[in-house]
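Chemist: Following this message is one structure expressed as structure tokens.
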Amino acid sequence: MNELKRIASNQPSSPQTRHTQRKERVGVGVARLLSQFILTPYLKRMAKQYLRLEPTTVKTLPGPRAGKTYTLYLHVPFCESLCPYCSFNRFLLQEEKAHTYFKQLREEMRMAHRLGYRFTSLYIGGGTPTILIDELVQTIDLARELFPIGEVSCETNPNHLIPEIIAKLEGRVQRLSVGVQSFDDGLLKQMGRYYKFGSGAAVLERIRQAAPHFPSLNVDMIYNFPNQTEEILRRDVRAVIASGAQQTTFYPLMSSPSVAKSLDRSVGRVNYGREARYYEIILEELSAEFKPMSAWTFLRAGGGMIDEYIVEDEEYVGLGSGAFSYLDGSLYVNTFSLNEYSRAIEAGHMSVAARQRYGKREQMRYRFMMELFSLRFNRERFKKSFGVSAERGLWLEMLFMFLVGAFARITRDEITLTPRGKYLSVVLMREFFAGVNNVRDQARQALSEEERLCAFPLKGKQLMPNG
């Protein structure tokens with residue numbers, strides 16, 4: 001704790017920094033009002049319209065198109081315990097079932113190979129992918145045998161930053177993303193993470209020890225917890241800077257109906273009215289040593305990787321229970337049921353359960369959102385892809401962002417964002433993911449009572465692993 005207090009005492013003080021902070025404060029403050037009263041209500045309506053599931057009889061994903069590059073995403077849905085705010089497809093660990101799942105996940109990769117995919121990058125998320133490290137190692141090694149994988153990104157938790165796990169990931173994983181959420185012990189206790197993963201100071205030390213073993217180590221943080229003060233947030237950001245991590249991602253706190261009650265009971269109700277101010281603080285504190293690579297991902301100066309597969313490649317293939325794929329204008333959702341997933345793979349086909357096909361306008365909006373999120377909108381690529389300029393194809397969206405002062409620089413080739421525009425892109429992505437969380441809730445409706453209990457323990461109680 002003394003170490004975290006020492007970190008917190010470091011204050012940015014240069015005149016240039018203070019001038020930049022004043023400009024960003026005005027920009028983000030206006031963005032808060034625009035978000036709260038105009039953009040957020042509009043986006044919620046749009047998400048309900050476009051993010052809905054339609055059951056499909058399709059048993060496998062379509063094959064690749066010539067000339068396209070794709071990222072491979074693998075989902076590992078097992079955790080030693082469940083966090084109250086998490087809406088991803090996740091289940092309490094049952095080791096026998098998890099061993100079977102990894103084996104079937106590798107078989108599904110072989111199916112993707114037979115379809116003709118040749119992925120060059122792999123992202124493994126969860127759940128907690130490192131929960132059975134030897135199974136994960138076999139899965140990564142097979143992916144490299146099947147595909148020309150150049151970079152592997154993998155998520156983990158702080159308690160897995162131990163020598164025996166790091167030794168097996170080093171050389172296999174180029175980007176390791178550690179879910180920290182906060183270094184504040186009070187918030188960690190509210191989230192149920194303090195006794196699972198250790199104090200903020202202990203987690204900080206583990207990250208310091210692990211960071212040199214990977215080309216890129218990312219620290220995943222969450223901001224705008226109800227009991228998170230501005231000072232707590234500043235201490236969190238300074239701890240990230242002191243950790244030695246090459247990258248950090250600050251997500252705004254998001255919810256879905258399935259976890260709303262457990263979230264309210266554990267950390268309280270979300271207050272979106274102060275979200276913009278907290279985002280402003282993050283920009284201020286990180287500006288000296290980190291540069292923004294997307295609206296909520298920041299890279300330390302001199303680094304060269306970004307841990308955001310949805311930004312690097314617009315289209316991706318998701319394998320495993322609860323995974324999403326976005327291919328040729330269609331969103332595919334795999335079954336959230338581990339039992340149904342197992343039956344599908346054993347029957348020799350993939351586990352696609354639902355599909356949503358998007359028209360040209362919806363595809364243009366998706367591209368627009370993703371490129372704004374990456375902080376640079378490529379106008380020429382947009383026109384080449386859709387045969388129409390963004391000003392004509394998305395005239396209302398472009399006009400709104402222009403009038404509210406979201407665009408910093410407009411050239412023939414690209415558009416960059418002001419601090420106000422950066423925050424509005426956070427709102428765009430936050431509402432998109434909130435809509436995706438609602439899709440996840442729809443997918444869970446097919447779960448059996450047994451599987452539902454493993455995903456959401458009754459009355460917010462945390463069941464022990466295998467319990």
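The values are calculated or read from the model by the stated rules, or taken from the named source; none is laboratory data. These figures come from a predicted structure and were not determined experimentally. Positions of Cβ are backbone-derived with ideal geometry, glycine not excepted, and every protein chain shown enters the neighbour counts.
Chemist: Restricting to the stretch 97-133, name every residue that is basic (K, R) and more than 17 Å from I149 (Cα to Cα). Can you show your working first?
Modeler: First, the residues of the stretch 97-133 that are basic (K, R): 97, 103, 106, 110, 114, 118.
Those that are basic (K, R) and more than 17 Å from I149 (Cα to Cα): K97, K103.
Chemist: Something else now. Out of the residues in the stretch 256-285 that are surrounded by fewer than 21 Cβ atoms within 10 Å (Cβ to Cβ) and out of contact with any helix residue (DSSP H, G or I) (no Cβ under 9 Å at 6 or more places or on another chain), which is modelled with the highest pLDDT?
Modeler: Per the criteria, the residue is N271.
Chemist: Of all the residues that make up the stretch 138-171, how many are within 30 Å of G116 (Cβ to Cβ) and surrounded by 17 or more Cβ atoms within 10 Å (Cβ to Cβ)? Steps first, please.
Modeler: First, the residues of the stretch 138-171 that are within 30 Å of G116 (Cβ to Cβ): 138-155, 169, 171.
Going one step further and asking which of them are surrounded by 17 or more Cβ atoms within 10 Å (Cβ to Cβ), we end up with 139-140, 143, 146-147, 149, 151-155, 169.
Matching residues across the stretch 138-171 total 12.
Chemist: Among the residues of the stretch 307-314, is any surrounded by fewer than 22 Cβ atoms within 10 Å (Cβ to Cβ), at pLDDT 90 or above and of a type in the set (A, V, I, L, M, F, W, C)?
Modeler: No, the stretch 307-314 has no match at all.
Chemist: Could you tell me which numbered condition L115 fails, if it satisfies all but one of (1) within 18 Å of N334 (Cα to Cα); (2) in contact with a Gly (Cβ under 7 Å, 6 or more places away or on another chain); (3) buried (at least 16 other Cβ atoms within 10 Å of the Cβ); (4) of a type outside the set (G, A, S)?
Modeler: (3)
Chemist: A further question follows. Would the stretch 173-183 turn up any residue that is more than 30 Å from E230 (Cα to Cα) and at pLDDT 95 or above?
Modeler: Yes: the stretch 173-183 contains one or more residues that are more than 30 Å from E230 (Cα to Cα) and at pLDDT 95 or above.
Chemist: Still on this structure: Return the only residue of L319, L331 being within 20 Å of T69 (Cα to Cα), surrounded by 16 or more Cβ atoms within 10 Å (Cβ to Cβ) and at pLDDT 95 or above.
Modeler: On the way: L331 fails: at pLDDT 95 or above.
Going through L319, L331 in turn, the sole match is L319.
Chemist: Same structure, new question: With respect to Y326, is the statement that it is within 21 Å of the chain's Cα centre (by Cα) and modelled with pLDDT of 90 or more true?
Modeler: yes
Chemist: Additional query: Just the residues that are in contact with a strand residue (DSSP E or B) (Cβ under 8 Å, 6 or more places away or on another chain) and over 13 Å from P215 (Cα atoms), please, taken from the stretch 166-192.
Modeler: V178, G179, V180, Q181, S182, L187, L188, M191
Chemist: Report whether or not L417 is surrounded by 21 or more Cβ atoms within 10 Å (Cβ to Cβ) and under 14 Å from R367 (Cα atoms).
Modeler: no
Chemist: Here are some residues: E135, E164. Which one is in a helix (DSSP H, G or I), more than 30 Å from Y316 (Cβ to Cβ) and modelled with pLDDT of 95 or more?
Modeler: Values: E135 fails: more than 30 Å from Y316 (Cβ to Cβ).
Result of the check over E135, E164: E164.
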